[in-house]
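K.L.:
This is the structure, below, for whatever I ask next.
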Amino acid sequence: MQAEIDTEKENHDIVEAYRNLLKSCSPTLEKGDKKLIRNAFDLSVEAHKNMRRKSGEPYILHPIAVAQICAEEIGLGTTSIVCALIHDTVEDTHITLDIVRLNFGEKVARIIDGLTKIGGVFDQQDKSLQAENFKKMLLTLSDDVRVILIKLADRLHNMRTLDSMSVKSQLKIASETLYVYAPLAHRLGLYAIKTELEDLATKYLEADNYNFVKDKLQETKLQRNRYIKTFIEPIQEILKEQGLKVEIKGRPKSISSILQKMKKQNVTFEEVYDLFAIRIIIDSDFDNEKSDCWKVYSFVTDIYKPNPDRLRDWISTPKGNGYESLHTTIMGPKGKWVEVQIRTKRMDEIAEKGYAAHWKYKDKDAQVADGGLEGWLAKVREILENPESNALDFLDDFKVNFFTDEIFVFTPKGELRKLPTTATILDFAYDIHTELGSKCIGGKVNNRLVPINHQIANGDQVEIITSTKQTPKEDWLHFAITAKAKAKIRDYLKSEKLRSSKMGKEILERKFKQDKITFNSDNLLPLLNYFKLPTVAELYFQVATEMIEKTKLNISQILEYTKAKKIEEHQQKQQKKENKVTGNLAKDAVLISDDVDLPYSFAKCCNPIPGDDIFGFVTVGEGVKIHRKNCTNAIGLMSNYGYRIIKAKWANTMLDKSQAFITNIKVSGIDSVGIVSTITNIISQQLQINMHSISVNSKEGMFEGSIELEVYDTAHLEELMNKIKDSSPLIKVSRVDLPHAE
């Protein structure tokens, strides 16, 4: 029986939430703003009056919470508050964009349109609705960054209230968040929001690991606080003597970043050497900011010894998102490494609320941006000038270009250029000019000759070498990184392909005429199947370029062969149906929900075993692939193809350990005589586990190896890994995924 709704309490909660919102945005309100916000609130209340969230609470509390995040945590103004309050009305209610335009003007209507999901986009084999939505947001972003900021606020509130959703929805939304929204918040300098999004996503995607680190942080809280107090006392004393006004904060690293370090470095929680960071915030005039930060650095390193390899100077050269700070790692008391961040109040505000918060709005239609963010948006516009038809390719390009760290490189004349960390000579050439990229045959890095695919490093001075005979090649796409380079290469290849395709079509038409066969789509389709080609255009192209040899282009024979093949396949299908052959060994091991009658198999990228949390992914032509929820490919699959994810769990019959499963482990450590023998002895002799393969490499006194073996379940694997660890303090062992995706 449904619980009775307390309407009076709900109305009180709505009014209270609205009052808190007004309180948060009151410092920025101008004449008429309060009335505008009230109109948006009234419209939203009316539109959502009969709607409830999955948690059971009135839906209106969601847009109010999103507006609150925009005002309080991002620092946005009235236009954004209005848009946040009505952001779901066009998508979910009878309210249209015309009504929004009539009540709030063109600017608000355009932002709402950017926030509204695309209607009528069908999920296809090569498309993802989420990727299409993201692409649309970015198209609007090139006009107004507030679209993305409000969307991030919307996602943050959805993540904070994800408990009420189904497990499938939790996995899909958390994966999207980790895949797109957290990196986007990072790129826009919204570090507080980025960190919370990552932690919340980890809470649902890796619940056990998340709770483990959370509990460990709680256990060590008192000890950590005592250490921080001891650490900062001498710093406070010396800075006070020097007359510098500072605020010093100590905080633990985020749960997700600690987990990432544990995985990346293959260490335990206790072995993560910088579990917390100290932040020194200086009250400084704008003109003295840089010198004051270096002064503080000097005094801190007089007290504690710094690690020379861990100094990061983002004051002299700020990050592309406007982030400014000095980072250093120093050796504190009791031999512990501590990260220290030194910045001014202004820098701290940018770091916490994001560079976007510094966009000041003169009025409802004018906006003034600082140079750094405007430069970033200019790059966004550049990638949007050549958007790929495939939204997933577009999204991948965007992630590589705008979510990765940057390097700073110089032209021969000393001009500074920012590029993604893995950028090549070719990317640099295209970044300077399209023509330079197209004619590039190599380069000089610090006066040393290098090939076209050479990766450039931070601080390099680069000169491009060209040739008039050079043209873009297909293999350039394998090492080009930037969106601009890829787009220009694809444009050239597309135009060349189009020219060749016309020639290929003419050749085929003549062939058909010679064989007295009608030239139409019905007769072209068998040729596509025979040569395993995706499109007719590709067929024309391969014929023109003689990738398909003329001797193999016997159209009559191909048509006869494909006809016979089709009949044979139909007979086999019928036979299979009669024998009810619908699965394989995985069918006995896994229970698939959603009434999906497809064969199942285990994904080779993560090799799930009983005891793992798993899900099913509906592939094209290969039935359902069973993946681990923490598989390296899981986030991408869930976020891009959420509609193809289905529930899966291990059958109880697997508890009898009647079937072994393949898994992969990585072993590493200090090389010593007999180390491999020790490991293989534990696997084969002590535990009598079958090994499929083993490869070990030794270099500079260290060894690293990978072993493929059979186990019954996670407990069996855990027993094996513990025995290997216990056998020698020189050995580390971990479970690994294979690099290829499925």
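The values are calculated or read from the model by the stated rules, or taken from the named source; none is laboratory data. All figures in this text were calculated on a predicted structure; none of them were measured in a lab. FYI the Cβ positions are ideal-geometry reconstructions off the backbone, even for glycines, and counts take in every protein chain you see.
K.L.:
Name the single residue, out of those in segment 139-189 being among the polar types (S, T, N, Q) and out of contact with any helix residue (DSSP H, G or I) (no Cβ under 6 Å at 6 or more places or on another chain), that is surrounded by the most Cβ atoms within 10 Å (Cβ to Cβ). Even if it seems obvious, please write down each step before you answer.
P.N.:
So in segment 139-189, the residues among the polar types (S, T, N, Q) come out as 140, 142, 158, 161, 164, 166, 169-170, 175, 177.
Okay, now just the ones that are also out of contact with any helix residue (DSSP H, G or I) (no Cβ under 6 Å at 6 or more places or on another chain), so 158, 161, 164, 166, 169.
Values: 158: 18, 161: 16, 164: 12, 166: 10, 169: 15.
So, considering only residues that are among the polar types (S, T, N, Q) and out of contact with any helix residue (DSSP H, G or I) (no Cβ under 6 Å at 6 or more places or on another chain), the one surrounded by the most Cβ atoms within 10 Å (Cβ to Cβ) is 158.
Table: residues versus (1) outside any helix (DSSP H, G or I); (2) at pLDDT below 80; (3) closer than 24 Å to residue 515 by Cα.
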{"residue": "558", "(1), (2), (3)": "no, no, yes"}
{"residue": "566", "(1), (2), (3)": "no, yes, yes"}
{"residue": "570", "(1), (2), (3)": "no, yes, no"}
{"residue": "574", "(1), (2), (3)": "no, yes, no"}
{"residue": "577", "(1), (2), (3)": "no, yes, no"}
{"residue": "581", "(1), (2), (3)": "yes, yes, no"}
{"residue": "588", "(1), (2), (3)": "no, yes, no"}
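K.L.:
Another question, if that's okay. Hey, any hits in segment 49-67 for a residue that's part of a helix (DSSP H, G or I), farther than 26 Å from residue 353 by Cβ and in contact (Cβ under 8 Å) with a residue 40 or more places away in the chain?
P.N.:
We begin by selecting, within segment 49-67, every residue part of a helix (DSSP H, G or I); these are 61-67.
Checking which are farther than 26 Å from residue 353 by Cβ leaves us with none.
No - not one qualifying residue is present in segment 49-67.
K.L.:
Would you say residue 483 is among the hydrophobic types (A, V, I, L, M, F, W, C) and touching a residue at least 60 places away in the same chain (Cβ under 8 Å)? So that I can check it myself, show each step before the final result.
P.N.:
On the way: among the hydrophobic types (A, V, I, L, M, F, W, C): yes; touching a residue at least 60 places away in the same chain (Cβ under 8 Å): yes.
Judged against the criteria, residue 483 is a match.
K.L.:
Filter segment 604-635 down to the residues that are under 15 Å from residue 662 (Cβ atoms), in a loop (DSSP other than H, G, I, E, B) and within 21 Å of the chain's Cα centre (by Cα) and list them by number.
P.N.:
The answer is 605, 606, 631.
K.L.:
Condition first: in the same structural domain as residue 156 (by TED's automatic domain parsing), under 31 Å from the mean Cα position of the chain (by Cα) and more than 17 Å from residue 151 (Cα to Cα). Can you find one or more residues in segment 43-53 that meet it?
P.N.:
If we filter segment 43-53 for residues that are in the same structural domain as residue 156 (by TED's automatic domain parsing), which is where we start, we get 43-53.
Narrowing further to those that are under 31 Å from the mean Cα position of the chain (by Cα): 52-53.
Still in the running and more than 17 Å from residue 151 (Cα to Cα): 52-53.
Yes, segment 43-53 contains a residue that is in the same structural domain as residue 156 (by TED's automatic domain parsing), under 31 Å from the mean Cα position of the chain (by Cα) and more than 17 Å from residue 151 (Cα to Cα).
K.L.:
Okay, moving on. Can you pull out the residues in segment 480-526 that are under 20 Å from residue 544 (Cβ atoms), among the polar types (S, T, N, Q) and buried (at least 19 other Cβ atoms within 10 Å of the Cβ)?
P.N.:
Of everything in segment 480-526, just one residue is under 20 Å from residue 544 (Cβ atoms), among the polar types (S, T, N, Q) and buried (at least 19 other Cβ atoms within 10 Å of the Cβ), namely 501.
K.L.:
Tell me the residue from 497, 502, 511, 444 that is in contact (Cβ under 8 Å) with a residue 12 or more places away in the chain, more than 30 Å from residue 565 (Cβ to Cβ) and in a helix (DSSP H, G or I), please.
P.N.:
On the way: 497 fails: more than 30 Å from residue 565 (Cβ to Cβ); 511 fails: more than 30 Å from residue 565 (Cβ to Cβ); 444 fails: in a helix (DSSP H, G or I).
Result: 502 is the single residue among 497, 502, 511, 444 that is in contact (Cβ under 8 Å) with a residue 12 or more places away in the chain, more than 30 Å from residue 565 (Cβ to Cβ) and in a helix (DSSP H, G or I).
K.L.:
Confirm whether residue 248 is part of a strand (DSSP E or B) and out of contact with any Leu (no Cβ under 6 Å at 6 or more places or on another chain).
P.N.:
Yes.
K.L.:
Also, I was wondering about something else. For segment 606-626, enumerate the residues that are over 17 Å from residue 717 (Cβ atoms) and of a type outside the set (S, T, N, Q).
P.N.:
615, 616, 617, 618, 620, 621, 622, 623, 624, 625, listed by residue number.
K.L.:
Also: Can you work out which of the residues in segment 53-104 that are of a type in the set (D, E, K, R) and touching a Lys or Arg at 6+ places or on another chain (Cβ under 8 Å) is nearest to residue 190 (Cα to Cα)? Explain how you work it out, then say what you get.
P.N.:
Pass one, segment 53-104, residues of a type in the set (D, E, K, R): 53-54, 57, 72-73, 88, 91-92, 98, 101.
Subsequent filtering for residues that are touching a Lys or Arg at 6+ places or on another chain (Cβ under 8 Å) retains 73, 91.
Details: 73: 9, 91: 27 Å.
Ranking the qualifying residues of segment 53-104, first place goes to 73.
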